[in-house]
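Read the structure below first, then the notes.
The values are calculated or read from the model by the stated rules, or taken from the named source; none is laboratory data. From a predicted model like this one, the values you see are computed outputs, not experimental measurements. Using ideal geometry, Cβ is built from the backbone for each residue, glycine included, and neighbour counts are taken over all protein chains shown. Surface areas here come from the heavy atoms of the whole protein model, side chains and all, with no ligands, DNA or RNA. Shrake-Rupley method; radii C 1.70, N 1.55, O 1.52, S 1.80 Å.
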Amino acid sequence: MTPHINAKQGDIAETVLLPGDPRRARWVAQSFLTDARLVNEVRGMEGWTGSWNGHPVTVHGTGMGMPSLSIYVNELIKQYGAKTLIRIGSCGGMQPHVKLREVVLAMATTHASAMNRSQFGHANFAPCADWSLLLGAAVAASKAGIATHIGNIYSSDVFYAEDAALDEQLTRHGILAVEMEAAELYTLAARHSCRALAVLTVSDHLKTHESLPPEARERSFGDMVQIALEAAFA
Ligand code: HPA
């Protein structure tokens, strides 16, 4: 039991999928896992544990942004022994060739996180994905014929950013997409010798201003879950 998770010891699997939205955690558990049961609902942040192809798996919401994700991931790793943590979420495309519905695998994350500064001082830590998960996800996406981009992303502290010059520099330097959680996930995984990956669907686009309708988001979400589960047990 922790301040934010009231699951019993043993209720959380070593492999944890991390959607931002707690209702997505429920949907993933009910759609992909067998014998899924609710193991946490403190503050409405649901966690579910079941199994996939015989492997124990937990799906737990993180909320939005790095401070919220950090609370859950710290507790999942330190109190419950999570070892493989895969974020499944959405992102905003930042390159013309990164289209709506396509998948982005975050090989590395650029960020301006104050949380990171407090840990590393003047050094710029480069949060990166676990190689075995990244490889497993790339293979799974390719086998399923899902259009996928692999590279650097930007983990932002603000959704409603107003710095057009920064967006331009990030795009110019090949940043594929923006989201708000992966840098902290990768940093915590590095700190505690865990494996982490962010599998993201492009739900909106900063250049074209298009966005996915809700039904299409659900379908793309299923693709990400499949990729994440196959990568976890590759
Ligand atoms: N900005 C930040 N986070 C996001 C976005 C965005 O445009 N889309 C999905 N997550």
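Candidate cross-link partners of residue 83 among the lysines, defined by an alpha-carbon separation under 19 Å and a same-chain spacing of 8 or more, comprise 8.
At 1.4 Å probe size, put 11, 35, 223 in order of accessible surface, largest to smallest. Before the final figure, lay out each step's value.
Details: 11 20, 35 130, 223 60 Å².
Correct descending sequence by accessible area is 35, 223, 11.
For the range 155-161, putting each phi into the Karplus relation 6.51 cos²θ - 1.76 cosθ + 1.60 with θ = phi - 60° gives couplings of 9, 9, 8, 10, 7, 8, 6 Hz, in residue order, rounded to whole numbers and with x for Gly and Pro.
Under the convention that each Lys and Arg Cβ holds +1 and each Asp and Glu Cβ holds -1, the size of the dipole of the range 5-88 around its Cα centre is about 100 debye. Straight-line reach from residue 207: taking Cα to Cα under 17 Å and skipping same-chain neighbours fewer than 8 places apart, the lysines in range are 99.
Once the Cβ-Cβ distance between residue 132 and residue 41 is put in as r, and R0 is 35 Å, what FRET efficiency do you end up with, to the nearest 0.05? Before the final figure, lay out the partial values.
Details: r = 32 Å, r/R0 = 0.92.
Using R0 = 35 Å, I get an efficiency of 0.65.
Taking square-rooted eigenvalues a ≥ b ≥ c of the alpha carbon gyration tensor, is the range 93-176 rounded, prolate or oblate, where a/c under 1.5 means rounded and, failing that, a/b exceeding b/c means prolate? In terms of gyration-tensor shape, oblate. Under the 0.36 nm per residue contour assumption, what length would be gained going from the current alpha-carbon distance of residue 233 and residue 158 to full extension? Full extension of this stretch gives 23.7 nm more.
Each residue was assigned an accessible area with a 1.4 Å probe, and for residue 87 the value is about 10 Å².
For the ranges 61-74, 204-217, 164-177, what's the packing order if you count other beta-carbon atoms within 10 Å of each residue, average per peptide, and put the highest first? Numbers along the way, then the final one.
Working: 61-74: 20.9, 204-217: 13.1, 164-177: 15.3.
So the order, starting with the most tightly packed, is 61-74, 164-177, 204-217.
Magnitude of the charge dipole for the range 155-227, about its Cα centre and with charges confined to Cβ atoms of Lys, Arg (+1) and Asp, Glu (-1), is about 380 debye. Antiparallel beta bridges, as assigned by DSSP with both residues in the chain, represent about 40 percent of the total such bridges.
Helix 22-32 axis versus longest C-alpha principal axis of the chain: approximately 70°, rounded to the nearest ten.
Give me the 1.4 Å probe accessible area per residue for the chain, excluding ligands and nucleic acids, in Å².
Values: 10840 Å² over 234 residues.
Using a 1.4 Å probe on heavy atoms only, each residue of the chain averages 46 Å².
To put it simply, the accessible area of the chain at a 1.4 Å probe is 53 percent carbon and sulfur. Taking the range 175-195 and a reference point 7 angstrom along Cα→Cβ of residue 117, the backbone N atoms nearer than 19 Å belong to 180-185, 187-188. Taken about its Cα centre, the range 15-232 carries a charge dipole of about 500 debye when Lys and Arg each add +1 at the Cβ and Asp and Glu each add -1 at the Cβ. When its C-alpha radius of gyration is set against 2.2 N^0.38 Å (N residues), the chain gives a value of 0.95. Answer with one residue from 186, 170, 65: the one whose Cα lies farthest towards the positive end of the charge dipole of the chain, charges on Cβ with Lys, Arg +1 and Asp, Glu -1. Ranked along the dipole, the leading option is 186.
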